[in-house]
Amino acid sequence: MQMTRLGFGTVSLLLLAACTGFPFFGKKSPPSPGSEANKNAGRTDAQLPPRTVMEVQDIQYDGWAISGRVLVSPEGGQLRLDRRLIPTIHVEMKYVSDCTYGAVASIRADIIAPLARPEDLLVLEPGYWYGSTVRFRLFGEHITGLGPECVEADIFLRSFDHELVARQRIRAVRPASVDGGTQSDEGGTLEVPAAPPDAGTP
């Protein structure tokens, strides 16, 4: 994937908020019976550990940003997670595209987060779910303009040890009431999307 840095000074776009809302942790049945986690066509078990279930719920998209509640549960053993689930570090969004016309340019912010502490480690047992709401700023008025009416993207989840453990393709539709109102941009990196690789860790 090629990335072009635009000249907006040294200020990085930090509008990718970290988790909003309170994390969820509990034992329950899968959120969406019949749905399949890890939509990882083309991936092999060597690249993506099997039996890790991920669901993305309550997806919201306003033409500028996407938010959603990420829930994860292991099925084949313990899963080590950073309970903060920080966007771009533990939860990544890549391969943004227009639902109809394919890949579109989007912005990807740089984020600096405190180093993980021992108390940030969560060891999740099979049968238990953990999750939080995350938000990604994808489009900006002076960089890309208002995003497409419908977008698709891949969500990647990484463990406490930064290993890829789950992948999910999501779709979000912009409400008809959104007309492209002004949004401020504070610099950032323009991401020119490439086709998802057939194998390997993104």
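Key figures
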| item | result |
| --- | --- |
| Length added when fully stretched, I112-D58, from 0.36 nm per residue minus Cα-Cα | 16.8 nm |
| For region 70-167, radius of gyration divided by Kirkwood radius, i.e. Rg to Rh on alpha-carbons | 1.04 |
| Protection-proxy order for peptides 53-62, 87-96, each taking the mean of Cβ atoms within 10 Å per residue, highest first | 87-96, 53-62 |
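Bear in mind these aren't lab numbers, they're just calculated from the coordinates by the rules spelled out. Every value quoted in this text rests on a predicted model; they were computed, and no experiment measured them. Neighbour counts run over all protein chains shown; Cβ positions are idealised from the backbone, glycine included.
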